[in-house]
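Only one structure is covered here, and it is reproduced in the block below.
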Amino acid sequence: MQCKTAANGTGEVDCLKEGRKVTRCAAGVLEDVNKSCLEEFRKHWSCLDDNNQQLWQCRRWERPLNACVFEKLNIEKKIPGAPENETPVHLRKRQIFAHSITTQ
């Protein structure tokens, strides 16, 4: 995306190499998650599938997945552009749009 943005919309062909690298990286991460945190991933995915991809409905299952990924793969979830002085949305105890309040 950064390559395409820098090319002012003309970088589709020029950015293929970078796109392949990103795709390989993402596929590798998903493979590692499936090997190390499959149960947590399935619970979170099932929740998202059952709740029309509404992230705030599935924080209860997202937290154990994030913890597993950090513990076993040393990957920490960070949201680009999130304000430094605020608790990230995925770590807030109360999800204001959720059907039920979860504090897990």
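The label-point distance for ALA27 and VAL13, in a model that sets each label 7 Å from Cα toward Cβ, rounds to 2.4 nm. Filter the cross-link list LYS21/LYS43; LYS17/LYS72; LYS4/LYS93; LYS43/LYS72; LYS4/LYS78 down to pairs whose alpha-carbon distance in this structure exceeds 27 Å. In this structure, LYS21/LYS43; LYS17/LYS72; LYS4/LYS93 lie more than 27 Å apart at Cα. Here's the list of aspartates and glutamates a cross-link from LYS77 could span, going by alpha-carbon distance under 18 Å and ignoring same-chain residues fewer than 8 apart: GLU31, ASP32, GLU40, GLU62, GLU86.
Values quoted throughout were computed directly from the atomic coordinates according to the rules given, and no laboratory measurement underlies them. Quantities reported herein were computed from a predicted structural model and do not represent experimental measurements. All Cβ positions, glycine included, derive from the backbone under ideal geometry; neighbour counts span all protein chains shown.
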